[in-house]
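Only one structure is covered here, and it is reproduced in the block below.
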Amino acid sequence: MSDILIGTSGYDYPEWKGVFYPKNLARKDFLSYYATKFNAVEPLQEKGVLSSVLFQLPQSFHYTRDNRFYLAALLKEFDGFPTVVEFRHAEWIKDSGNVPQVVYQY
C-alpha cells in the first residue's frame, strides 16, 4: 500500500489568513505552517521556485548497507529534482573521492 499525500494546489494565499492561517502569521511563514497540516503541495516546481528537495535524516539513520540502498532508491524517485541530503550521524562523513562536496556559506 502506498502513502497517501494530501495537500492543495498552493499555499501562498493571503486570503486564507484567519481562515486557515493564524491572523498574526507572517506571509514568509506560510509554507512552514502549511507543512504542519499537509504533506504535499503542487505549485513549487512548476512555478520555478523550487530550489531543492531537502531530505533531513535523523541521528538514528546510521551508515549501513540497508540505509544506503534505501537512500539510493529514495533519491532515484526524485530523479530530475534538485536534492539535498542532511546527514545527522557522523558515520556518513566519508572521504570516498567520488562524491562532490558543495559547501554554501550564507
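A few comments on the model shown:
- The helices (runs of 4 or more DSSP H) found entirely in region 1-88 that carry 3 or more residues being at pLDDT 85 or above are 30-35, 65-77.
- Arg65 vs. criteria among the basic types (Lys, Arg), without any contact (Cβ under 8 Å) to a residue 24 or more places away in the chain and out of contact with any helix residue (DSSP H, G or I) (no Cβ under 9 Å at 6 or more places or on another chain): yes
The values are calculated or read from the model by the stated rules, or taken from the named source; none is laboratory data. Everything numeric here is computed off the predicted structure, so don't read it as measured data. Neighbour counts are summed over all protein chains in view; Cβ atoms, including those assigned to glycine, are modelled from backbone coordinates with ideal geometry.
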